[in-house]
1. So if R0 is 25 Å, what FRET efficiency would residue 68 and residue 4 give, r being the distance between their Cβ atoms, rounded to the nearest 0.05?
2. Give the peptides 18-28, 58-68 in descending order of average Cβ contacts within 10 Å, highest first.
């Protein structure tokens, strides 16, 4: 079976370059504060808490979709 792309070709283009924040800790703390404010405003946690075990990835994906889709559509 042949590869879908030519692995010998050099990379032709780079799309975007993310620059790291100057102070990563303060950036992370500010992001965390923003998420906490959003959680308080929504009065519900967007992510379920706890440990969930599934037999297959498909079962986990189905549960995740059923669990989070209503919350995403409400906001």
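Since every read-out is calculated from the coordinates, none of them should be taken as a lab result. Just so we're clear, the structure is a prediction, and the values are computed from it rather than from any experiment. Glycine also receives a Cβ, built like all others from the backbone with ideal geometry; neighbour counts cover every protein chain displayed.
1. 0.15
2. Highest to lowest by the protection proxy: 58-68, 18-28.
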